[in-house]
Amino acid sequence: MALILITLMVILAAGPTWSAPSIIQMRSEKKTLLATDELYCSSWRFTVETNDAGAWTRVPVRCVDFLKDYITGDLYAAELEAVAANAAEYARAIGISGDGRDAWVFDIDETLLSNVPYYAGHGFGSETFNARAFNEWVELAEAPAIAPGLRLYKELQELGFTVFLLTGRDEYQRHATERNLMYAGFNNWEKLILRGKADDGTPATVYKSAKRKEIEDAGYIIHGSSGDQWSDLIGFAVARRSFKLPNPLYYVA
């Protein structure tokens, strides 16, 4: 027994024979975890939505599968529902004057109409934007309605809001855009505003701000504005409250 006790004392005095992970090693392991595609792409999407990413042109190739799962899954749908619910709650609390001057401005692409079918065939935003191919898609007038956007649109009209549609699409696409909107269930808008020749080359933020100013100058109060790009919402002559929908597929300055 004495021999056993002496042996234990020697072992304890010598310290553990294994190597415990140090704090530095643990941090290194965490860094490795943070480098995984899922966490990287989730963080990338966050910076896009908060506009911290600034101007960007394509979805990172390593994020294509992540983005596909997001945009075709439950999370994107739930986020669209949440934004529409917040907008509807705000709209219901506004005392409508009844004179038709209470307005709401909607963007179209990725706000009322979804171009996900187009982007599904073009790398979910990882390919360089092809204006010709996208314009051909627009002419098909097959973009489906974004369901929460359609419900919000109809509720706003029932509440008495006058609805304006303000898009970056070109004037020559008016017929296709109107046809697509009506096929998707949208109707009775006050005005559909598209880019004319005088707007060529004007940044989206400036162009849309100027058009909102024209709406205000016509005597309307823009209570709300819905769009998937920050350039749909910021600038001058902004709505009293704006609602940003998620869109990590592309960026418009």
For region 116-171, list the helices (runs of 4 or more DSSP H) that sit wholly inside it and hold at least 2 residues that are open to solvent by 60 Å² or more (accessible area, probe 1.4 Å); which are they? 131-140, 147-159
Considering residues that are surrounded by 13 or more Cβ atoms within 10 Å (Cβ to Cβ) and either outside any helix (DSSP H, G or I) or over 14 Å from the mean Cα position of the chain (by Cα) (or both), the number found within region 73-95 is 7
Would you mind stating whether THR57 is open to solvent by less than 50 Å² (accessible area, probe 1.4 Å) and either closer than 15 Å to TYR250 by Cα or hydrophobic (A, V, I, L, M, F, W, C) (or both)? no
For region 190-207, check the following and say yes or no: at least one residue is buried (at least 20 other Cβ atoms within 10 Å of the Cβ), in contact with a strand residue (DSSP E or B) (Cβ under 7 Å, 6 or more places away or on another chain) and either over 23 Å from TYR251 (Cβ atoms) or at pLDDT below 95 (or both). no
Any residue at all in region 96-108 that's surrounded by fewer than 18 Cβ atoms within 10 Å (Cβ to Cβ) and more than 23 Å from LYS213 (Cα to Cα)? no
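The values are calculated or read from the model by the stated rules, or taken from the named source; none is laboratory data. These numbers were taken from a predicted model, which means no experiment stands behind them. Don't worry about glycine lacking a Cβ; one is built from the backbone with ideal geometry, like all the others, and counts go over all protein chains shown. With ligands, DNA and RNA removed, areas are computed over all heavy atoms of the protein, side chains included. Shrake-Rupley method; radii C 1.70, N 1.55, O 1.52, S 1.80 Å.
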